[in-house]
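Have a look at the structure below, then the notes.
FYI, it's all coordinate maths here, none of it is from the lab. These figures come from a predicted structure and were not determined experimentally. Neighbour counts run over all protein chains shown; Cβ positions are idealised from the backbone, glycine included.
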Amino acid sequence: MVDGEARAALAAALESVLERMFFIDTGSAAGSEVPDGEVPVRARLTFEGDPPGWLTLEVSPPAARSIAADFLAVDEASLSAGQVEEVVCELANMICGAALSRLESDSNFRLGAPGVLEGRPAPDAAAIVGSADLGNGILMARLKFQAT
Amino acid sequence: MRAFVRRVIEVSGFELSSCFEAGHGGEALAILRREWVDLVLTDVNMPGMDGEEFLRRLEADELLRALPVVVVSTDATAQRMQKMLSLGARGYVTKPFSPESLRAELERTLGVPCG
Amino acid sequence: MSVIVVGIADCRIATEPGDVLVTYGLGSCIGLAAYDPGATVGGLLHFMLPDSALLEAEHRTGTPFKFADTGIPLLLERMSRAGAQKRRLLVRIAGAAQMMDPGGVFDIGRRNHQALRRVLWKAGVLVHGEAVGGAISRSVRLEIGTGRMWLREAAGPELEMPLVGVARRGEERTNGLSRPDRGRLAGDAGLRAACDRGLRV
C-alpha cells in the first residue's frame, strides 16, 4: 500500500466524518500535534484486513467536549466524561471505517471495538498521520498497517 | 451512535413509542422474540454475533424474516453492502451520514409517501 | 397579496395566506425558509455569518439575525410564538455560495452551511430541501398560503424548490406501515395496533 494513498484516504475520511456527522467545517486546515501541556481524550481500535492494523485518535479536551455536545445535541455542561469518551471512540470507529473503505475496497475488513486509550501511545514513525484544527483544539489520527 | 440514530428518528417526525437497544445480534434476537417492532437498525461489526449472522438468523425465522432491517455501518465497500442486502437487509446507510440521508433511508424502507 | 421583503441580517414571520416572504442577493449568505402547513405560519431568515462569537460582545447586540447561531433559534422561537409547531416544520435553504473568493480562503458560504446544520441539529429540526454552493447569487420567495418556495439562481428562471423527504404536504406524518408483507408477521389487528402505538424500533 502506498503511503500517499493511505494519507489521502485518512484525510478524506477525517473531513467527511467531521463534516457530515459533527457539523464541523474542516476546510483545508491541517492541524498540528496536541499541545504538550494538554491531556487529550484518546481512543484506539484494531482492525483485521489485508493488511491488518490499528488506529489511534487524540482530541484536545475542549474540542472533545464541544464535538460530543454537538453530536449528542446536548449542552456541554451536562456532558459526563464517559459520554465524551464514548463519542471520541465512535469518532475513531467512523474515521477508521471511512479510511479503510477507501483503501480496502476489494477485501473485507473488520473493525474491533474502539476503546479509551490511557496514556500516550508509543510513537510510531511508520504510522500515517492525519489531523484537523477544530478551532478550539486539535484532532490527530494515526493509522498503522502492519506488515504481513 | 445509538443516541444519534435515535435522535434522527425522533426529529424526522416519526412518533417513537418504544426503542430497544442491544449490544450484539444475540441480544437483539432475544428482544425480537418477545417484542413487536416496526424497524430494526443494525451495525455489521459487533462483538459476539455480528450483523451478517444476525441477518441469517432473522431470515431463518418464519416470524422475524419479514422485519424491515436497515444496516448502519462504517463499511462502505460495495462487497459488504451487497452481502447484507442479499442476506435480507432492506436498506444500507454508511457512516458518516447526514441526518437527512438516514431519514431518507428510513422513509424509503418504511414506505412513507414523499413529495 | 402582500410581499414582505426580508433584507440582509433580517428575519420576518408571516401568517396571512396572501403573504409572500422574499429575500434577494443570497451569495455566501443563507436564506432559511421554514413553514408549518398545519398552522399556516412561515418564516424567512437571511443570515450572513456562522458564529456570533466572531464579533466582540459590544457589537453583537441588535444584530442577532446576522449569525446562524443566534438568528436560527430566534426564527424558531418567533415561529413558535406565531403558532407553529417544530415537529411540523418544513425547512428549505438557499445560498452558501463562494463569491469573490475563488481560492476559498474565507469559505464563508461553506462555514455558514455547516453552522446552519449544527444549529438545526441541536434544535431538533432537519432540512427538507437545499440549493447551496457554487458561485452564484440566489433569491427565494415563500408563499404563506401554499407553503410553496420559489428559487431564482443568477439571472435564470424562477423554479419551485421541492420538498425532499416529507409526507404529502399538509398531512400529518404517518409511520407508513403499509408494506403488504407486514401482515404475515402479526395479522391486521397487530398492524393496526402498531400504527396506533407509534414506531417501535
Inset, instruction - State the volume of the convex hull built on the alpha-carbon positions of the stretch B:2-97, expressed per residue in Å³ and rounded to an integer. - result: 97 Å³
Inset, instruction - Please list, or write none, the lysines whose alpha carbon is within less than 17 Å of the alpha carbon of C:Lys86, excluding same-chain residues fewer than 8 places away. - result: C:Lys122
Inset, instruction - Mind checking which lysines have their Cα closer than 25 Å to the Cα of A:Lys144? Skip sequence neighbours fewer than 8 apart in that chain. - result: B:Lys95
Inset, instruction - Tell me which residues come under 5 Å, amide H to amide H, from C:Ala84 once H is placed; ignore anything under 5 positions away on its chain. - result: none
Legend entry - Percent of Cα-Cα distances greater than 35 Å, calculated over the protein assembly as shown: 37 percent
Inset, instruction - Please name which of C:Pro157, C:Gly145, A:Leu111 has its Cα lying farthest along the dipole of the protein assembly as shown towards the positive end, using unit charges on Cβ (Lys, Arg +1; Asp, Glu -1) and the Cα centre as origin. - result: C:Gly145
Legend entry - With eigenvalues of the C-alpha gyration tensor scaled by 5 and rooted, the stretch A:3-120, Å: 24, 16, 14
